[in-house]
Amino acid sequence: MDIFKAFEERYSHKEGFLPAPVPIEDLEKIARAGLAAPSGVNRQSVRLIILPNREAIAPVCAVSSAIGLETAPAAIAVLTDKTVTPSGEFNFEKEDYAAAVGNMLLAATAMGYSSLWLDSPYFDAKKEAAARAVLGASETMKLWAVLPVGKPDGTGSRREKLPFDARVSYVKFGAAKE
């Protein structure tokens, strides 16, 4: 799929998934897209855990269940390694993980899968720590999101985007194209 078509087709799939497995090669391809994302000061802080089946996803659901993750046949957990990022103004963990997730969502879409940027369960420090623990990640890691991956069990509900002209200005904020 053309990259611009993937931009148009990508949406946050918040419904169920078909039980059909996702081949490990496809999950690795999606993960590679995430790792190809830029990272602040090239620290490459993002770490991924591929959850290739329901058996691997179930423990994460048990501590931080969310719509979309309960039926996904596969998922990818997105973490950052705090040991490679300094605290303070040059800490780009949030930007690094966000860039990786963006790439992976587009890759999944281009490959005919649906996904969802599922980070809200991990805003709660206790749920984040519990999910990180079942994933076997140390305290030096931060779990930011888990991306369910699979074929949707329907068309999925897409939210309308505001028109281009409502969000883009020229030369100065609020100015229309001449």
Distance in nm between residue 50 and residue 164 label points, each 7 Å along Cα→Cβ, equals 3.7 nm
Rel. contact order, % - alpha carbon contacts under 8 angstrom, at least six apart, the chain: 32 percent
What does the C-alpha gyration tensor say about the overall shape of the stretch 89-178? Classify as rounded when a/c is under 1.5, otherwise prolate if a/b is larger than b/c, or oblate. oblate
Can you give me the distance in nm between label points at residue 173 and residue 8, each placed 7 Å from the Cα along the Cα-to-Cβ direction? 3.1 nm
So I have [x] 35, 19, 14; [y] 27, 23, 15; [z] 25, 17, 16, and one of them is semi-axes √(5λ) of the Cα gyration tensor in Å calculated from this model. Which one is it? [y]
For the stretch 22-104, which chymotrypsin sites (Phe, Trp or Tyr not before Pro) are in a loop by DSSP, counting at most 11 other Cβ atoms within 10 Å? 90
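On a 21 Å Cα-Cα criterion, which of the cross-link pairs 14/126; 94/172; 14/82; 94/151; 29/151 come out too long?
14/126; 94/172; 14/82; 94/151
Once you have a ≥ b ≥ c as the square roots of the Cα gyration tensor eigenvalues for the stretch 5-95, tell me rounded if a/c is under 1.5, and otherwise prolate or oblate according to whether a/b is larger than b/c. Can you show the working numbers first?
Values: a/c = 2.04, a/b = 1.62, b/c = 1.26.
Prolate, because a/c is 1.5 or more and a/b exceeds b/c.
Run the numbers on the stretch 88-178 and let me know its relative contact order in percent, using alpha-carbon pairs under 8 Å that are six or more apart.
Over the stretch 88-178, the number comes to 24 percent.
Only the coordinates and a few stated rules stand behind these numbers; no lab work does. Given the structure is predicted, the values throughout are model-derived calculations rather than measurements. So basically every Cβ, Gly included, is an ideal-geometry build from the backbone, and we count neighbours across all protein chains shown.
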